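Structure first, then comments.
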Amino acid sequence: MLIKEEIKLDYSDVLIRPKRSTMSSRGEVCLSRTHKFLWSTKEWTGIPVMSANMDTVGTPSMHKVLSDHKMITCPARHFLRDGVEKFKDGKNHVCWFGGIDEISHLSTVSSAFIGLDVANGYTIRFVDAVKKLREKCPNATIAAGNVVTGDMTQELILAGADIVKVGIGPGSVCTTRIKTGIGYPQLSAVIECADAAHGLNAHIIADGGCNSSGDIVKAFAGGADFVMIGGMLAGHDECEGVVENGVMEFYGMASESAMNKHNNHNSYRGAEGKTVKIPHRGKADDTVKDILSGIRSACTYVGANSLRTLSKCTTFVRVNNTHNTIYEH
Ligand code: 5GP
């Protein structure tokens with residue numbers, strides 16, 4: 001047994017210090033990014049915020065809203081088997097994720113990105129699956145995860161991933177940390193995995209744990225190339241589900257609700273996700289505009305004229321702890 005004494009941070013453990021800026025308006029901030037990927041050598045341009053591939057939020061209607069903003073939708077996994085055409089619109093803003101058993105389905109879809117998505121990206125079986133997907137699809141931009149450490153980020157990249165998805169346990173409807181004690185504070189995971197990936201010219205997605213546009217800003221400021229959100233997009237008109245008494249259901253993909261819906265109970269696996277009721281929030285477009293406005297505003301506070309330079313301009317200040325320490329990033 002080992003104990004790592006170094007403090008690891010969540011989004012709520014830091015704030016970003018304001019800095020002098022020459023900008024006069026948040027309208028001057030460019031949120032669009034162009035990423036060129038290591039193995040596929042393809043380029044993608046857009047606003048790098050993506051919907052989680054969860055039943056309630058990874059829907060065709062959400063895709064319409066997000067792609068208008070040049071943001072990415074990760075369709076809920078069941079569409080991979082029976083609804084790929086619902087996300088075809090000629091735009092380049094879809095990332096299909098599937099499990100290890102879905103490699104053959106994944107290899108047939110044509111989208112900006114494809115990805116392998118498992119709760120625990122640390123198994124040899126998963127690394128072998130990433131290698132297999134890369135062999136089958138040499139020119140595809142491939143994402144893989146989830147992991148939370150630099151060593152495993154590099155292993156997945158060397159196995160063929162262009163983008164590594166980072167986050168174990170931070171999700172708003174995830175109960176992994178409670179059920180298993182496993183996890184890693186998300187901001188530190190993002191900072192460490194981004195450092196590992198960028199050294200190899202690869203990219204990362206910060207997945208889960210963003211409860212506000214401020215958290216999304218902190219993820220980008222920590223080095224994330226993409227940020228994936230689930231709960232923040234839940235409860236909207238574009239979500240799957242009904243509004244009852246002013247609320248909508250939102251459930252984790254490893255929750256009892258998801259297992260019932262997809263009929264994938266088995267004797268050795270319990271739920272590691274929960275079902276919550278979210279107040280109905282109306283149109284997703286309003287929420288998306290609010291999120292983008294928050295990111296733009298943050299950039300003006302630190303003097304970054306684009307999302308690309310936000311991380312360079314960031315100084316995090318530790319809060320909620322006895323000592324306030326400043327981390328130059
Ligand atoms: P959120 O943005 O809601 O905080 O987090 C979304 C992320 O939570 C998803 O992209 C996925 O990685 C994770 N997630 C979704 N459902 C579950 C679940 O049932 N259990 C766990 N452990 N994680 C989940």
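A few notes on this one:
- Cβ-Cβ distances below 6 Å connect the following pairs, each with a first residue in segment 145-158 that is modelled with pLDDT of 95 or more, a second residue that is within 16 Å of the ligand (Cβ to nearest atom) and of a type in the set (Gly, Ala, Ser), and a separation of six or more residues or different chains: 145/121; 146/121; 146/167; 147/121; 148/189; 156/144.
- Checked against (1) part of a loop (DSSP other than H, G, I, E, B); (2) away from the ligand (no atom under 13 Å from the Cβ); (3) polar (S, T, N, Q), residue 211 passes all but condition (2).
- Count of segment 243-282 residues, restricted to those that are more than 19 Å from residue 53 (Cα to Cα) and touching a residue at least 12 places away in the same chain (Cβ under 8 Å), is 8.
- Candidate set from segment 151-187 (those that are polar (S, T, N, Q) and assigned to a helix (DSSP H, G or I)); member that is nearest to the ligand (Cβ to nearest atom): 176
- Residue check, residue 227 in contact (Cβ under 8 Å) with a residue 12 or more places away in the chain, within 15 Å of the ligand (Cβ to nearest atom), crowded, with 23+ Cβ neighbours inside 10 Å and outside any strand (DSSP E or B): no
- Test: residue in segment 94-109 that is of a type in the set (S, T, N, Q) and touching a strand residue (DSSP E or B) at 6+ places or on another chain (Cβ under 7 Å): no
- Failed condition for residue 259, given (1) within 12 Å of the ligand (Cβ to nearest atom); (2) within 18 Å of residue 287 (Cα to Cα); (3) in a helix (DSSP H, G or I); (4) of a type in the set (A, V, I, L, M, F, W, C): (2)
- Residue in segment 124-144 that is β-branched (Val, Ile, Thr), within 13 Å of the ligand (Cβ to nearest atom), surrounded by 18 or more Cβ atoms within 10 Å (Cβ to Cβ) and assigned to a loop (DSSP other than H, G, I, E, B) present: no
- Those residues of segment 17-53 which are among the polar types (S, T, N, Q), more than 16 Å from the ligand (Cβ to nearest atom) and within 17 Å of residue 69 (Cα to Cα), in sequence order: 32, 34, 45
- Screening 32, 67, 25 for residues that are among the small types (Gly, Ala, Ser), surrounded by fewer than 23 Cβ atoms within 10 Å (Cβ to Cβ) and at pLDDT below 95 leaves exactly one candidate, 25.
- Selection status of residue 247, away from the ligand (no atom under 16 Å from the Cβ), exposed (fewer than 13 other Cβ atoms within 10 Å of the Cβ), farther than 26 Å from residue 179 by Cα and among the aliphatic types (A, V, I, L, M): no
- The residue list 306, 293 contains one member that is more than 22 Å from residue 63 (Cα to Cα), in contact (Cβ under 8 Å) with a residue 12 or more places away in the chain and among the polar types (S, T, N, Q), which is 306.
The values are calculated or read from the model by the stated rules, or taken from the named source; none is laboratory data. Since we're looking at a predicted model, the values are computed, not measured. Here the Cβ is made from the backbone with ideal geometry for all residues, glycine too, and neighbour counts use every protein chain on show.
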